[in-house]
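Read through the structure below, which is laid out as structure tokens, and then see the notes.
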């Protein structure tokens, strides 16, 4: 079982969403990343080299970027954004995918 930590940036980004959306995202983070966060699924995929994180979790139109420390069984959620079309927005700024 992995422990989930949220960075200060990720917490701030979650606060920018509606409470209902934040709750959905947090519930999905807990459900998807507590067990086997390093297994690729339909909603989880690894990145080769991306500044936001090693992995991406898709939650509807939202994207959660995280790193995994398998030795300490910890998941660090680094960023949370919203994807609109082919564009990713974090804190209102567009980020390249």
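Please pick out the residue among 38, 43 that is surrounded by 11 or more Cβ atoms within 10 Å (Cβ to Cβ) and touching a helix residue (DSSP H, G or I) at 6+ places or on another chain (Cβ under 8 Å).
Residue meeting the stated conditions: 43.
Criterion first (at positive phi and at pLDDT below 95) does residue 91 satisfy it?
Judged against the criteria, residue 91 is a match.
Can you pull out the residues in region 18-66 that are assigned to a loop (DSSP other than H, G, I, E, B) and closer than 22 Å to residue 85 by Cβ?
If the condition is that a residue be assigned to a loop (DSSP other than H, G, I, E, B) and closer than 22 Å to residue 85 by Cβ, then 18, 42, 43, 47, 50, 51, 52, 53, 60, 61 are the ones that fit.
Suppose we keep only residues that are in contact with a helix residue (DSSP H, G or I) (Cβ under 9 Å, 6 or more places away or on another chain) and in a helix (DSSP H, G or I) within region 1-17. Which one would you say is surrounded by the most Cβ atoms within 10 Å (Cβ to Cβ)?
Top of the filtered list is 14.
Please list, ordered by first then second residue, the pairs with beta carbon atoms under 7 Å, 6 or more apart or interchain, first in region 19-41 and without any contact (Cβ under 8 Å) to a residue 60 or more places away in the chain and on the phi < 0 side of the Ramachandran plot, second exposed (fewer than 10 other Cβ atoms within 10 Å of the Cβ) and in a loop (DSSP other than H, G, I, E, B).
Filtered contacts from region 19-41: 34/1; 35/1.
The values are calculated or read from the model by the stated rules, or taken from the named source; none is laboratory data. Note that the coordinates shown come from a computational prediction; the quantities given were computed from them, not determined experimentally. We place every Cβ from the backbone using ideal geometry, glycine too, and count neighbours over all the protein chains shown.
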